[in-house]
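Report on one structure; see the data block that follows.
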Amino acid sequence: MSFKHDVFISYAHLDDEPLVDGEPGWITELHSVLEKRLAMLLGERPRIWRDPELRGNQIFDDAIAHGFEGAALFLPVVTPRYVRSDYCQKELTEFCRKALDEGGLGLEDRSRILKVMKTPVEVDEQPPPMNRVLGYDFYRIEPERRRLRELRLRSADDRERFLGVLEDLAQEIKEALTLLESSGLARDAAGRGTRRTTVYLATTSSDRKDDYELVRRELVERGHPVLPDRPLPLEEGALVQAVRSDLDRAGLSIHLIGARHGVVPENAERSVVHLQNDLAAGLARSGGPERLERILWLPPGLEAADPRQKALIETLRTDPEAQQGAELLETGIEELKAEILARLERVERRRAERQAAEAAETEDVTPTAPLDDGPRWVYLMHTAEDEEAVAPVEDLLWDLELEVRRPLFEGDAATIREEHEENLQLCDGFLLYYGAGNERWLRKMLADLKKAPGLGRTKPILSKAVWVAPPADPRKSRFRTHEAEVLRDPEGAVAPISAEPLRPFLDPLETR
């Protein structure tokens, strides 16, 4: 339908009174900057309605009739004064009534209500349905002084963060207006309707909030619906239900882990951050053609003082169950964003392949299946330091008529990771050369091996082994695992020079 106004700004006039004579009020300034940014994004001047003169002695229906007439989106500026104002409550109620007459408040994965949080107000103090919508926080908490500070555009300390949050808000408004016009479909270069992958960006602790906002901004700018799109409940049962519902709709979940433990819901023993990861790992474990892809991210050198968070970080680094279906990254934020985009590209490519296969079935066309009568091939995993030492192993396997793939060490992180996962997905045998790599690298490789079924394998890996090579150390001498055969040369050779030491690995591959 056609809307007369793009955005209706609802606010309490007390909150727009300037602190310094001669300067614009906070909401007036927000309105001005938002209008300019939206004009750049939309390519035309947005139609934003806000009444700067309305007073309590004016008749409500007459005063706001013009503003509410066909308003696409409702933008309340939430403060303690706003939630106590009968007038503001009437504006919210009236918008909701008109929106329901026009088809509803829901907008695909979004809402026609977008909430500016000028000052924090507890969710249970906010009126419905506003209390079920995520807000854009124009304030920050100073942990050292335990004080709240509203972001002000004219403050040098706040300017960058103010504009960052405003960018998120403007992008969300643009996406919402686009959805209203195009029924929730983003357009690709050829003009065809393509739905972008929904992403579950897990709620994180306060020390990672800036990183969360950067990632969310990148996803929204690229047209990906981001969940959760409303505050999570603070009671364990309700939270679990809400998170599961959102994860079921997502193709990728992203978990940003910080040094702080974060909020622990009522009746729970684990934090919100911990619970979200456990639920996503459980869903990834269930597999299926539309399995949930996951990314776990820890900033480099992350350490926690809280023993609960310290234990969680150690579990995420070492426990394959906690990493189920996930790639664990300890990188900078830009590397994380690059990996997210690469992973989303892969998710959407696989979805397109499934749709093509389903279409072929519908048309009684049998897709060409890859031939399975070629030579067996082995993924020979090692560190960059062992490239020369592992060459005799590669030669030996080649002489036994096995194809060999080795890991990439050049290129961007996303390309290297994609090649690694493709090798795990397709290999017949996995041989891990344990030489220069440390124990943590070894455990990471074994965890990746365990996650191989979640990468889309349709058959088991026939043979898995670890070759324990020099340099010797006490941990290596005691190393054992149930995940693979552990092979050693009794003479301590760097690499096997005959097939015999490798026989437990080779026999399942039916080599000569």
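Things to note:
- Checking the Cα-Cα distances for Lys337/Lys444; Lys209/Lys476; Lys310/Lys459 against a 31 Å cut-off, the pairs over it are Lys209/Lys476; Lys310/Lys459.
- A P(r) calculated from all alpha carbon pairs of the range 419-475, with 5 Å bins opening at zero, reads 4, 17, 29, 22, 14, 9, 4, 1 percent.
- Taken over the alpha carbons of the range 72-182 as equal point scatterers, the Debye sum produces base-10 log I(q)/I(0) values at 0.12, 0.18, 0.19, 0.20 Å⁻¹ of -0.47, -0.97, -1.05, -1.13.
- Extreme residue, positive dipole direction of the range 405-470, given options Val468, Leu408, Gln425 (C-beta unit charges): Val468
- Ranked by solvent-accessible area (1.4 Å probe, protein heavy atoms only, all chains present), the residues Ser10, Ser477 order from largest to smallest as Ser477, Ser10.
- When the Cα gyration tensor is reduced to axis lengths a ≥ b ≥ c, the ratio a/c is 1.5 or higher for the range 1-40, and with a/b not above b/c it is classed as oblate.
- Converting phi to 3J(HN,Hα) with the Karplus coefficients 6.51, -1.76 and 1.60 and the offset θ = phi - 60°, the range 441-446 yields 4, 4, 5, 5, 5, 5 Hz in sequence order, with x at every glycine or proline.
- ³J(HN,Hα), Karplus 6.51/-1.76/1.60, whole Hz, each residue of the range 207-217, x for Gly, Pro: 6, 10, 4, 4, 5, 4, 5, 4, 5, 4, 4
- Remark: spin-label model distance Arg478-Asp399 equals 3.7 nm, labels positioned 7 Å along the Cα→Cβ axis.
- Straight-line cross-link reach from Lys36 at under 23 Å between alpha-carbon atoms covers these lysines, not counting any fewer than eight positions away in the same chain: Lys4, Lys115, Lys118, Lys174.
- Cα gyration tensor category, rounded, prolate or oblate, for the range 235-345 with a/c compared to 1.5: oblate
- Carbon and sulfur %, accessible surface of the range 193-272 computed with the full protein complex present, 1.4 Å: 44
- R0 of 60 Å, Cβ-Cβ distance Leu462-Asp21: FRET efficiency to nearest 0.05: 0.15
- List Ile48, Ile416, ordered by accessible area with a 1.4 Å probe, largest first: Ile416, Ile48
- Full-stretch length increase - Thr331, Glu345 - with 0.36 nm per residue and alpha-carbon distance subtracted: 3.0 nm
- Legend: calculated FRET efficiency, Lys98 to Asp306, from the Cβ-Cβ distance at R0 = 35 Å, rounded to 0.05, equals 0.15.
- Under 5 Å from the amide H of Glu235 lie the amide H atoms of Glu266, each residue being 5 or more positions distant or on a separate chain, with H modelled from the backbone and absent for Pro and chain starts.
- Taking amide H as placed 1.01 Å from N in the peptide plane, Arg47 has its amide H under 5 Å from the amide H of Asp6, Val7, each at least 5 places away in sequence or on another chain.
- Scoring 225-233, 327-335 by mean Cβ neighbours within 10 Å over their residues and listing the highest first yields 225-233, 327-335.
- Exposure of Arg222 as accessible area (Å², to 10), given a probe of 1.4 Å and all protein chains: 110
- Where labels lie 7 Å past Cα in the beta-carbon direction, separation of Asp248 and Ala39 in nm: 4.6
- Between amide H atoms placed 1.01 Å from N, distances below 5 Å from Tyr136 occur with Lys115, Val116, Met117, all of them 5 or more places distant or on a separate chain.
- Note on Ala413 and Phe3: the model spin-label points, each 7 Å out from Cα along the C-beta direction, lie 3.8 nm apart.
- Counting all C-alpha pairs of the range 373-460, share separated by more than 21 Å (%): 30
- Residues Thr93, Thr204, ordered by accessible area of protein heavy atoms at a 1.4 angstrom probe radius and largest first, appear as Thr93, Thr204.
- Working ranking of peptides 73-83, 264-274 by packing, defined as the average number of other Cβ atoms within 10 Å per residue, highest first, is 73-83, 264-274.
- Under the Karplus curve 6.51 cos²θ - 1.76 cosθ + 1.60, θ = phi - 60°, whole-Hz ³J(HN,Hα) for the range 461-477, x wherever Gly or Pro sits: 6, 5, 8, 9, 8, 10, 8, 8, 10, x, x, 6, 7, x, 5, 4, 5
- Per-residue SASA entry for Trp26, accessible area with 1.4 Å probe, Å² rounded to 10: 20
- Accessible area (Å², 1.4 Å probe, nearest 10) - Thr315: 50
The values are calculated or read from the model by the stated rules, or taken from the named source; none is laboratory data. Just so you know, these numbers come straight off a predicted model, no measurement behind them. Backbone-built Cβ (ideal geometry, glycine too); neighbour counts: all protein chains shown. When the accessible area is computed, the model is the full protein with side chains, heavy atoms only, and any ligands, DNA or RNA have been set aside. Shrake-Rupley method; radii C 1.70, N 1.55, O 1.52, S 1.80 Å.
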